[in-house]
1. For peptide A:93-105, how many partner chain Cβ atoms fall within 10 Å of a residue's Cβ, on average?
2. Suppose all protein chains stay in the model; what accessible area per residue would a 1.4 Å probe give for region B:20-111, in Å²?
3. Per 10 Å bin, what percent of the C-alpha pairs of region B:14-126 does each bin hold, from zero upward?
4. I'd like the mean, over residues of B:26-33, of how many other protein chain beta carbons sit within 10 Å of each residue's own Cβ.
5. Average partner chain C-beta neighbours within 10 Å, per residue of A:111-117?
6. Which one of B:Tyr80, B:Leu50, B:Ile61 is farthest out on the positive end of the charge dipole of region B:20-111, using unit charges on Cβ (Lys, Arg +1; Asp, Glu -1) and the Cα centre as origin?
7. Give, rounded to the nearest 20 debye, the magnitude of the charge dipole that region A:20-112 has about its Cα centre when Lys and Arg contribute +1 at Cβ and Asp and Glu contribute -1 at Cβ.
8. Compute for chains B and A the buried accessible surface, both sides summed, probe 1.4 Å, and express it in Å² to the nearest 100.
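The values are calculated or read from the model by the stated rules, or taken from the named source; none is laboratory data. The structure displayed is predicted, hence computed values, not measured ones. Every residue, glycine among them, receives a Cβ derived from its backbone with ideal geometry; neighbour counts consider all protein chains shown. Heavy atoms of the whole protein, side chains included, go into the accessibility calculation; ligands, DNA and RNA do not. Shrake-Rupley method; radii C 1.70, N 1.55, O 1.52, S 1.80 Å.
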Number of protein chains: 2
Amino acid sequence: MKKQSLSKEKGRQAARSPCPVSRTLDILGDKWTLLVVRDLFLGKQTYGELLDSPERIPTNILADRLKRLTAHGMVTKQPYQQRPPRYRYQLTEKGQALAAALRAIIDWGLAWLPGTRLPPGQDVEK
Amino acid sequence: MKKQSLSKEKGRQAARSPCPVSRTLDILGDKWTLLVVRDLFLGKQTYGELLDSPERIPTNILADRLKRLTAHGMVTKQPYQQRPPRYRYQLTEKGQALAAALRAIIDWGLAWLPGTRLPPGQDVEK
DNA sequence: TTCGGTTACTTGCAAATAACAAGTCACCAC
DNA sequence: GTGGTGACTTGTTATTTGCAAGTAACCGAA
């Protein structure tokens, strides 16, 4: 069950263009990836905590997104206990650098989408 | 060929949560929508011009995204000539308000994705 | 006046991706 | 040894994408 298309056999798929918008969307242009990043910013660290968000991300999608984010060097996965095996996910510097973009998206949503609100206590800022 | 799922029969699909990140991703959380917005920022106005970007957006996807952006009040479609019918697409204030988010995404891409570059002359800033 | 070209799309269909439910595996507590 | 939790994987169905082609309304030249 490989994620590959019929085109290339190795590596990830080719960038559509060198444009930074396009390249960024190649990585996080979908409905779920940024939500995972958001939750990591909010301090969630385990698979279970990440599953628990109000948007109800499916388990296979979460596993896939964590894998991709890890492959892109935006997230690290470290075991914090051997037995039973338990893992902690955290943003790398590259992942944390998305703060400005996330902040801009939050601001746009709050300003232009009626009915949006930050759940109490949720804030990306430290 | 409705975009609807089996769930609700009218209106657009329900927001996954009131979170501004999630609500924003409900609108532009895919690989193409922000590229269309980018091109509109760059001054492209016609369907043909928008089709012409290096990422090669499929025609049906472009038509769909313009429809959605228009439905969300982020883009206007105006005929600028009757015969033959020709249309001009432009960002509304709501669409233009994405400038900060787009800028943040560009900055992140340029800083963290090696090989990205702005094609000469391309810049979101006025 | 018919032929070709342009703009702005729509349609059909195979392929990829997502969603949902369920199952697996490794423990630990009782 | 039975039940529960955390971290996933697998199977199946539903939805979305990508590509090729088709349509419609003109305009301009031959």
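1. On the way: counts 1, 4, 1, 0, 5, 4, 2, 7, 10, 6, 3, 10, 11.
Mean inter-chain Cβ contacts per residue within 10 Å come to 5.
2. Values: 4170 Å² over 92 residues.
That works out to 45 Å² per residue.
3. Pair shares across the bins are 12, 43, 34, 9, 1.
4. Values: counts 4, 4, 5, 9, 4, 7, 4, 2.
For peptide B:26-33, the averaged partner shielding equals 5.
5. Details: counts 3, 12, 9, 1, 4, 9, 5.
Average neighbour count from other chains, rounded to a whole number: 6.
6. B:Tyr80
7. Numbers: 14 positive and 9 negative charges, 67 e Å.
That gives a dipole near 320 debye.
8. Values: alone 9320 and 9380 Å², together 14700 Å².
Buried surface at the B/A interface: approximately 4000 Å².
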